[in-house]
Structure formats: structure tokens, C-alpha cells
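Heads up: the structure comes next, in C-alpha cells.
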Amino acid sequence: MLTKKAAVAAGAGRRLRNAAARIVGQTMDRRAFLKRSGLGVGAGAIATQLPYNLIGSAEAANTAEKRTGSGNEEVRRTICTHCSVGCAADAVVKNGVWVRQEAVFDSPINLGAHCAKGAALREHGHGEHRLKYPMKLVDGKYQKISWEQALNEVGDRLLKIREESGPDATYWIGSSKHNNEQAYLLRKFVSFWGTNNCDHQARICHSTTVAGVANTWGYGAMTNSYNDMQNAKAALYIGSNAAEAHPVSMLHLLHAKENGCKVVVVDPRFTRTAAKGDYYVRIRSGTDIPFIWGMLYHIFQNGWEDKAYIQARVYGLDKVKEEVMKWTPDKVTEVTGIPEEQVFKTAEILAKNRPSTVVWCMGQTQHTVGNANVRAMCILQLVLGNVGVSGGGTNIFRGHDNVQGATDVGPNPDSLPGYYGLAAGSWKHWASVWGVDYEWIKGRYVSQAMMEKSGITVSRWIDGVLENNELIDQDSNLRAVVYWGHAPNSQTRGAEMVEAMMKLDTLVVIDPYPSATAAMAAMVRKDGVYLLPASTQFETYGSCTASNRSIQWREKVIEPLFESKPDHTIMYAFAKKFGFADELVKNIKLEKDAQGWDEPNIEDILREINRGTWTIGYTGQSPERLKLHMKNMHTFDVKTLKAVGGPCDGEYFGLPWPCFGTPEMKHPGTPNLYDTSKHVMDGGGNFRANFGVERNGESLLAEDGSASKGADLQMGYPEFDHVLLKKLGWWDELTEAEKVAAEGKNWKTDPSGGIIRVAMKNHGCHPFGNAKARALVWNFPDPVPLHREPIYSPRPDLVEKYPTHDDKMAFWRLPTLYKSLQTKVKDISREYPLVMTSGRLVEYEGGGEETRSNPWLAELQQEMFCEVNPKDANDQGIRNGDYMWVESPTKARLKVRAQVTPRVGPGTVFLPFHFSGWWQGEDMLKYYPDGAAPIVRGEAINTATTYGYDPVTMMQETKTTLCRVMKA
Amino acid sequence: MGRMKFLCDAERCIECNGCVTACKNENEVPWGVNRRRVVTMNDGVPGERSISVACMHCSDAPCMAVCPTNCFYKTEEGVVLHDKDLCIGCGYCFFACPFGAPQFPNGPAAFGDRGKMDKCTFCAGGPEETGSKAEYEKYGSNRIAEGKLPACAEMCSTKALLAGDSSTVSDIFRDRVLRRGKGLEAWGWMTAYGSGDQQREQKREREGQK
């Protein structure tokens, strides 16, 4: 009990306070300051100096006991599931109930900090608005059914379709919210079903980044880390609104800023990130390349490029420079709308404050020129010598909590886990890891050709249903779709999606919150839809990969709620039904859950991933090592992510991939990719030799003297295989057993890891070779990134000058329109004059059903809205707070609240993409399964978005299309 | 014990609302009652700044002065709390508060229908027995008694919202101001704690150390 006023025991209080001040004075180092700013309160200060678990058990238990009655209390460490920053949180669980959430100050990634979503995690322990049991659409209404009935009916329907139309007639949409083990198991599951028709959110978030960046220098991932941004002297955010999409990353940025880092934000919108920047540049949506070339023009003109770096480590820059020098300042201004002095100033800030870093997100990737945008950014950083440098790099912020991991090892239509691709050799590698016969897998597919052909992408599954059968590159159209942890309203062309849903034979949704898909389907169908309740990541355990490639381990917080089951348990149940259960878990032991279901052991799945994923170094992160990191978070330095002493001494937090070799080799993980200033066994590296050793007589390998620190080969060299090892005379350093395994293999397929061990540990060399980065990606449609106007452009004059690509046939199994459509709609901006773009809100995530079902979050954003500039609003007689219509060229109309604000410039409107549950002016509440509608519903912007796809990855265009607005 | 204060650093606040949901989560605050809010000024234009606002636990709290039932009291850490058993829901405190902190579960209703006032407790519970079920249900967590700070500040995404002992909070803020050379004005600080308060506090501390 706290004392009433006037009853203050002043003397005692003062003594305590002074005691506290002394303790704080002694122990308040820089890290403590960062960790618990605001620390230093009387008794609180003393207690917080104690190890965390001491407080947890001694005092918190006491309180909670009184609060909720007697029982055992446990603290379980988990990771927020709402973005890729990877914020740790401690869940206090009492008698199986999640009673409290505590900040984890020890986490080097978030130091206890959370945004609105992270601070509201505990609501997952309530889950009031979740799907609670399996349901089936009967005569237009969802009815409860048993799991047994659900598994049987869904299984029978899918097997019948497989029988009649082949395995490719089904489509499996996996999830970036699955943990690594589930995502990996799903790719294996789909392979055993016999199709490559699977995908997940990465397609529509960073697929262009992954392809563009990997093709430039080796790996398609964030090169540095959120933490490393503390070392930057300048940061350019382009197409990223980190303050809303990755709020906790701002902790590191603002710290850098207080130490002098200059922050530039380039965006069509004056975002909340821009509000924290030093310099804001408003760009016309979809003109990133002219802006970047405009900067490079000034960089070359002023001789600011890093000539030595370029000479030693960059291939093909001359060709890029030719294109850049065409972009004189007047042209840049004409296309981008940015005055020359702003382009110059941005270039100058980046050039004169090195190391400088760049950050991009969907603003760069979700365009018909997405792959070229991101390569232009890579080129900018190469020219400035900023890659492979602490404080520099391309800090590409991923979206979902495990989108990086699901990209690395999950259900991708064009690759087996670990970017091995789909070639016969890749299949044989994985077949041997899985312990199944290659020929058996081949027999599951229609043919070897279909086995090696990339599947349809999630951005286009609707066309897999709707397109003329003669024009698609597989036997049957899609007849069944399984939405396994993916929102429907995150894909464009929603108006056509309901047509596709209507046409399907069977639609299955497996999700804790399947309601958006459920409601859309119930709007147009009477039957053939099944909803299966999956558990959240708080009801299972496993690893997830943050954007910086660090892998963290989640403990199970609570048992699955209601009748839900973890995704991998559901996968196994279906595998039994489909007849490949034994093959699916050959190396994985099964455990019985409380209801007697078989649950594949997650640790075993991770060990299998470890045994196969040599390419990107997912091999060293054994469950044991990851758990050790989670227990010893406090030993890792915040700026470098390196453990100082303790059981993880010298390792980087979460063993950021690549963590090469076997776990026993003890590679520490790689904090910053391609960093030659470090030894490879200390996380150093160089650019990857993945594109041959020479082209047109010119070497692609790095120049002499440009290799990672301490490498025996101080020159460029190709990737390692058994031949190179023998030529170098290093073969005999393998053990006899390793020799047997490595014979005829390269470093990616040697199952012993011996080639990697000898190259790295004995000789300090990088197993993937040492090459130059490619400024010129000759295998892409535009080897040098070129500006091409969006298909729906507000500038018909520029469409003529900078037209899009030619149409493509059989591209990811589908015909894809470019120029023919752009020509057709060239003048449509007369009717639809405003650019329509979209983005995130801090309170919600992705399609938003999960977060809009959380009352603590839903209360903060209760209505879908459209940001419109005062000029455009006044021209249409729209007042702030009015309902307005937003109509796109597809004729789809969205009824939303007007937010009249100068945040967007004249000619552009912005809508958040997290809403669903309204359809062109009508609330869809009656179509939801009873009790599973989210609290907040609104129009989905993607109901109205238009056609347009990246010519490499089939990324959808969401950021630049057109619309008109009117008062409702 | 120290003198507890809040300080929100507008140069750091990114309006992420983490403090708001942390409060909801920790104290199970019902829909419609917001003990803490984020306020944005110059929304959408250069100069945009946000501030997280709740009860500031003022030195000379106006709410205490106007309460007709004298339901407010101050703890030895300077936290302003109130007794819901005495509160009659008159709303005087709401009109007196410069920060709009007092909340009423039934919203703006006629006198007598608003329900008992609810506000930020600095996560220090209330007059019921510390750590009891009754305390939690009426007032929320008592983290201070557990040696913890308010959940909002502990979870702030950018460490913009500082909570804790007055001198420590001002030291941290001063350090940031010196580093960046601007952003000196700590919003609401003067209104809540007055100009002389800090000096008095420092004086008391100096005396205590002798």
C-alpha cells in the first residue's frame, strides 16, 4: 500500500534515494543508459540492477500471485511477430495464461523497446476475434465442423482435383509468418504433393530486392543491420517509412542522428520518418531511377566516386556511367519533379558524410521497374564505396517477422530451400538431405519439365484461374487454392480476385484470422470454402530470421488456443491424408500433443535445414547455439552485435547468416556482408563469385590485393569445389570421411562441410569465391537500370519517351502485359488524374485482420481513410472528415474518409493497405464467420489497384497507379 | 525515494503509439479510456513533432486543488493518485488539468453519469493493498512496488518517453540536448513541475549528500 499524502517518511526516503543514486552512479554505463533510459528511481533503480530473472521470480511472482490466484509462474522469451526488426519480449505465464508482458532490456536489437504492435502482443493470449474451430461454407453461411470432417473433406477434394487435373491445378500460398521450420516444411510438403505452385508474402514485398541485390553481389538480403546504422554518418531513406513500418529501427537511427548522422528522406509523402529527417525531398511516385541517376551524375561530375574501390571490386560500371550521364539535371527535374539543387544536395550529403547508408522498402520494390530500382541503389552504394563497410551498406528493411527466413528456406515457386533453384542437381541435393528417393519425388510431379519449371506467383494466382487455358504454361488452370497464412487484400486487382474465387472448385484458408478471405469468398460463393484454425507463433516454438539475418528462437508461450493447431502439425495431418507422411518426416521425430495429434519436432526440422542449406550459411545455427544466444542476450554489444566474453564470446547475435559450416566449426555469423576488413572466421567476406569467372574476355574476379583480411589467396578466386581444392593442394586437409563425401562436389553440395572448413578455417578464404559486384546484370531485361514510366502513368508525354517493356509470354507460367496495356491506357490520366499510392500505418500489419482484431490497436485507427492534398480536395469539394469515393481505372470504387493534408503533394493521394471488410461502399460483416470478424473494417485499397508486374520477379505494382476522387 | 517524473522528448517521439498500447496491455484499460495519448503538432508538414501525454504527476497538481471530495493524494515518490471509492465523477479535475489526463469510462455524459475518474497512475497502483486483485482491477499494475518503471516508458520504441527519478531523467535529456545542440524545450515540464521545482530538488539532494 502506498502512503497517503503528508505521511511521507522523508528521512527514510532520502536515504534510499541517495543509496539508489550511488548505485546508479557507479553502474550507469553507456549501455545501461541506452537500455533503460529513465532508469534510476528509488527502489526501482536498485532492483533493475539485479539480473532480470531475479526480479521475475522474487517480486513479480508475488504480485501476480495475488492478482490471479496461486499457481506456477514462468517467463518465456518470444519475438514480436509484427515486423522484421525482431524485438524480443518476455511473456509471463501463469497456469497456462499469458498474464503479463515485460520488456527485454537485454535484447541488443530492441533494448526493451516496442511500437504499438509490439507493446500489444499479449492480446494474442486472448484472441477473442479468432477463428475458433474448423468451419465450412454451407449455402452461403459458415458452419462449425470437426477437425476430422475438415481434414477428410478438404483432403478428398484436393486429391480428386489432383487425380482429375494434376498436382499443378492446386495453389499453395504459404506464409512469412510461419517460423523457419514451418516455412521449410511447407516447401517440402508442396514438393511431395508434386507442384511448384507455392509462394508467400516475399513475392509482393521484396522479391525484386532479393533478385536485384543477389544478382548484383551475391546475396539478396540486408547487407548490414539496424544496429550498424548507429555507425552511419548519413542515411538516405527512399521508399521507406521506417517510423511507421519499422519503428524500433528508429531507436538506432535517432541515436546515430544525435551523433551527427545526416538523415535524408525521399518520398512522395512527407512521412513520419521525414518528420525525423534533416532533409526531405518530394519525388513523383515511380521515378526513383532518374533521381538516383541524377545523384550519380553529380557524383561523377564532382569526382566523388571511390575510384580505387570501383577498380578493385566493381564490374561493368562504364556502361552504367554512359546511361547516367544522359540524365542531365533538366531531364531529372522534368521526370521526377525534383529541383536540381535538391538532387545535388542529397548527393553531396551522401558523398561527404561517409560511410553513408541507404534504406529502402516497398516504395522501391513494388513497381514494374522494381528490380531495376534496387539495382540502381546498389550501384549508388558501390560508386560511393559504401558496401562491405560498417555504417554503410544497403539496409533493406524486410516486412514480416520471418519474411527473410521464409524467403531463405520457405515456399518459393522458383527454388528449393536455400536458393538452390529447381535444377535436377538441386533436387538431388535436397532429396538426399530429406532421405527420400529423387525418382520418387519426380514421380509425384507431372514430369521432370514441370518439376524444374518455376510455378505461378502469389501476385498472379488469380490469372492462373481466370486466364485462357491455351495461354497458360501448365496443363490445367488452377482449381484449388490454399491460403495458408496470407491475406487476400495484400494482392492487387481485388475486383478480379473475387471472380477468381468464384470460379475455384475449392478454397481452403488455414490461419488464426482467416476472415478477410472468408468474407470475400462468402460474398460470391455458396459452398466449397473451408476455414481451418491455425495457431499463432506464440502457441508454438521455433526460429525466425530478422531483417539483419539474425536468427532468434521463440519459446512456446501458451498452448494453442481454442481448437487451433500449429501449422506444422496441420501439414503432417494432411501429409497423412495424402499418403506421404513418412517421407515428410523421415529425419524428424514426432511427438503427441495434448489431443493426441502428431507434431513434428521443430528442433529436428531445424537440424535438417542445417544439414542442407550450405549456400547461404544456414548450417551453423543449430537449435542449441540459437538458444544459448537467447539466454545470453546481455553479453552482446549493441553497436557491433558481437558477444564480449561469456559463452557466446566472439559470436554475432543470432548468428546472422551466412553462418558457414557445421555448428561445430563455430563460425560466428556475418554481421555485415562483404566486409573485407575482417577475417572470414570473424564474419568477414567479399563479393560472391556466382556469375562465372570472366565475360567477353574481361575477368569478373576481384583485383589482386582485394580479399578479406588474412585470406591465403589475396586475389580474386572462383568458388570452391573438389577440383579447386585439389589444385591448391589443400585436398589432403580433409579427413578421410570428408574426402568421401566431398568427392565430385562443390562447397554447396558437400554434405560433410569439409570443403568449407578447409577453405575458411585453414586458409581464411571465402567458399563462394571472391569476385566483383556487377553494376551490369546482363541476364536481366535491363542490364543497366533504365527509367520506364509506370503502366498507369500520369504523364502521357513521358510514356512516349520512356515506354515500358514488351509483353511477355509464358512468364512464370502466364502471359504478362506491358506495352500493349500501357499504350491502351496512355491517356487515361485525363479521366483519372491523380496518382494513387499506398503504405503502412504503425498500428497495423499486412492485410491487417490480425491487428484489426486486437482492441488495443483497433481503438487507435478506427477508419479507413485517404490522404488528399488541400488543393485536390478543394477542387472536388471534399472536406476533411467527409466520406469520399476513390475510383481507379478498373472502375472499382472505395468509400473512405477524407484526410485533407499537405502530407501528400497535389496530384497524389495515399491510402493505407491494412484494411478489408468493406466492399465498394458496403460493410461485409454479414459474410464473416460468426464471432471471427475483426473489430475494425474498411475498404481494401487493393480492391481498386491495377495491373502491372516486375519483368523479373512478377512483383505487383502497388505504388503508382491512377485514380479520381469525389465527394461521397 | 526519488521524485518521479515523465518527460517526452519531441525530437525522438515518432508517434508510434507504443506507449498507448503498453498502458492498455499492462493495466487492461478498457476501450474508450486512454490514460495516455500521443499528440501531434504540425501534422504532415516540416516541423511535425509528436508528444506522448498522460498525467504528469504535477508538483502542485491542480486536480488535487479542485477535487471536492479530496480523493487525490501524493505518494512519497511524488506520484499523484486518487481513491476511486471517494471519486464522485464530477469532472472538476478534468477541467483543471492542463494535460487532459483525467478520463471517464462513460465519456462526456451528464453529471453523475460519467463514472469514476481514471487516469495514469505512473504504474503505481492505488490505495488498495499493494499487489492485490482489488488494486489491479481498480487502478491497474503497481510496477513501482515491484521495482519497475511505468510500462509506457519501459517500452517506448525510441526511448523518447522517459520516466523515473527527476534528476536521472533530466540528466539523460540534457545529455541528448547537448549532443544534438537543439530541442531544449522539454514539453510540459514547466507546466507540470514549475521552474523552481528542479532547483529545489537539486538543493535537497545536495543537502542529503552532506
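Quick look at the values:
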item: Within 10 Å of each Cβ in A:258-271, the average number of Cβ atoms from other chains; result: 2
item: Positive-end residue of B:142, B:194, B:126, charge dipole of region B:4-209 with Cβ unit charges; result: B:194
item: Built amide H within the under 5 Å cut-off of residue B:82, gap 5+; result: B:73
item: Per-residue ³J(HN,Hα) for region A:437-453, Karplus 6.51 cos²θ - 1.76 cosθ + 1.60, θ = phi - 60°, Hz, x for Gly and Pro; result: 7, 3, 5, 5, 4, 4, x, 6, 8, 4, 7, 5, 4, 6, 5, 9, 9
item: For region A:207-396: relative contact order, % (alpha-carbon pairs under 8 angstrom, 6 or more apart); result: 35 percent
item: Highest to lowest packing among A:784-790, A:482-488, scored as the average C-beta count within 10 Å; result: A:482-488, A:784-790
item: Charge-dipole axis of region A:207-396 as Lys and Arg at +1 and Asp and Glu at -1 on Cβ define it, positive-most pick from A:347, A:255, A:312; result: A:255
item: Only Lys, Arg (+1) and Asp, Glu (-1) charged, at Cβ; region A:207-396 dipole about Cα centre in debye; result: 160 debye
item: Bridge type composition, region A:827-953 - antiparallel percent by DSSP, nearest 5; result: 45 percent
item: Two-decimal log10 I(q)/I(0) for chain B, as the Debye equation yields it once each C-alpha is a single scatterer, q = 0.10, 0.14 Å⁻¹; result: -0.43, -0.85
item: Long-range HN-HN contacts of residue A:510 with modeled amide H, under 5 Å; result: A:483, A:484, A:485, A:532
item: Computed helical MRE - 222 nm, the protein assembly as shown, DSSP H runs ≥ 4 contributing -39500 (n - 2.57), nearest 500; result: -8500 deg cm²/dmol
item: Environment charge at residue A:661 (Cβ cut-off 13 Å; Lys +1, Arg +1, Asp -1, Glu -1); result: +3
item: Isotropically averaged projected area of region A:207-396, using the convex hull of Cα atoms (one quarter of hull area), nm²; result: 9.3 nm²
item: Length-normalised contact order for chain A - Cα pairs under 8 Å, 6+ apart - percent; result: 16 percent
item: Ranked list, fewest to most other Cβ atoms within 10 Å of each Cβ, for A:502, A:809; result: A:809, A:502
item: Share, in percent, of DSSP beta bridges within chain A that are antiparallel, nearest 5; result: 55 percent
item: Principal axis dimensions, largest first and in whole angstrom, of the protein assembly as shown by Cα; result: 85, 70, 67
item: Residue-wise HN-Hα coupling along region B:139-150, computed from phi with Karplus coefficients 6.51, -1.76, 1.60 (Hz; x: Gly, Pro); result: 10, x, 5, 10, 6, 4, 5, 8, x, 10, 9, x
item: Residue among A:815, A:938, A:844 farthest towards the positive dipole end of region A:796-967, charges placed on Cβ; result: A:815
item: Likely footprinting exposure, A:606, A:151, A:655, fewest C-beta neighbours within 10 Å first; result: A:151, A:606, A:655
item: Order by protection proxy (mean Cβ within 10 Å, highest first), peptides A:173-180, A:717-724, A:388-395, A:704-711; result: A:173-180, A:388-395, A:717-724, A:704-711
item: Computed magnitude of the charge dipole of the protein assembly as shown (debye, nearest 20; Cβ of K, R +1, Cβ of D, E -1); result: 2540 debye
item: Relative contact order (%) - chain B, alpha-carbon pairs under 8 angstrom, separation at least six; result: 27 percent
item: Shielding by other protein chains, A:273-286, mean Cβ within 10 Å; result: 2
item: Cβ-based net charge around residue A:306, under 11 Å, with every Lys or Arg adding one and every Asp or Glu removing one; result: +2
item: Estimated vicinal HN-Hα couplings, Hz - region A:583-589 in sequence order (Karplus 6.51, -1.76, 1.60; Gly, Pro = x); result: 5, 5, 10, 3, 9, 10, 7
item: Taking B:56, A:836, B:41 and counting other C-beta atoms within 10 Å, the order from fewest to most; result: B:41, B:56, A:836
item: Average partner coverage of B:44-50, which counts Cβ from other chains inside 10 Å; result: 6
item: Amide hydrogen neighbours beyond the local backbone of residue A:773, cut-off 5 Å, H modeled; result: A:314, A:315
item: Dipole magnitude of region A:674-785 about its Cα centre (Cβ charges: Lys, Arg +1; Asp, Glu -1), debye to nearest 20; result: 160 debye
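Laboratory data are not the source of any read-out in this text; all were calculated from the coordinates shown. Please read all numbers here as calculations on a predicted model, not as lab measurements. Neighbour counts run over all protein chains shown; Cβ positions are idealised from the backbone, glycine included.
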